[in-house]
Amino acid sequence: MKSAKAKAFMMADSLVSLLVVTMGINLFFICEKQLWLQNRNLQLKMAATRLGKEASDLYAVKKQPVILRQGDLTARATVQKVIVYKNGQCLCRVEK
C-alpha cells in the first residue's frame, strides 16, 4: 500500500512540475508578443516622425504648404503645424 501512495505522490509532483513549466512557457510567449507589438508601434511612430520632419524641411525650403505621402502615412506641413496621419488617424502633431 505504501508503494501505491508513493507512486501517487510522485505523479502529483510531476503534474505540478509540468504545470509550472507550462505556465512559464506561456508567459514567455505572451511577453514576446507584447514586445513585438511595442516594437511595431515604435517603428510606426519613428516613420511618422521622420516623414513629419521631411515635410517641415520641405516647407522651410518652398515656403508653401506641403503634403507628403509614404505608404499609409500622410504628412501635412503648414506655417502653423505639421501633422502626420495614418488612414485618417493622427499619429504625430507639432504646432507653434
All-but-one check, Ala4 against (1) closer than 20 Å to Gln70 by Cβ; (2) of a type in the set (Gly, Ala, Ser); (3) over 18 Å from the mean Cα position of the chain (by Cα), failing number (1)
Within region 4-63, the residues that are among the β-branched types (Val, Ile, Thr) and closer than 30 Å to Val82 by Cβ are Thr49, Val61
From the option list Lys33, Lys63, Lys7, single residue qualifying as farther than 30 Å from Val79 by Cα and modelled with pLDDT under 95 is Lys7
Taking Arg69 as the residue in question, decide whether it is basic (Lys, Arg) and touching a residue at least 12 places away in the same chain (Cβ under 8 Å).
no
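The values are calculated or read from the model by the stated rules, or taken from the named source; none is laboratory data. None of these values were measured; they are calculated from a predicted model. Please note: Cβ atoms are built from the backbone with ideal geometry, for glycine as well, and neighbour counts cover all protein chains shown.
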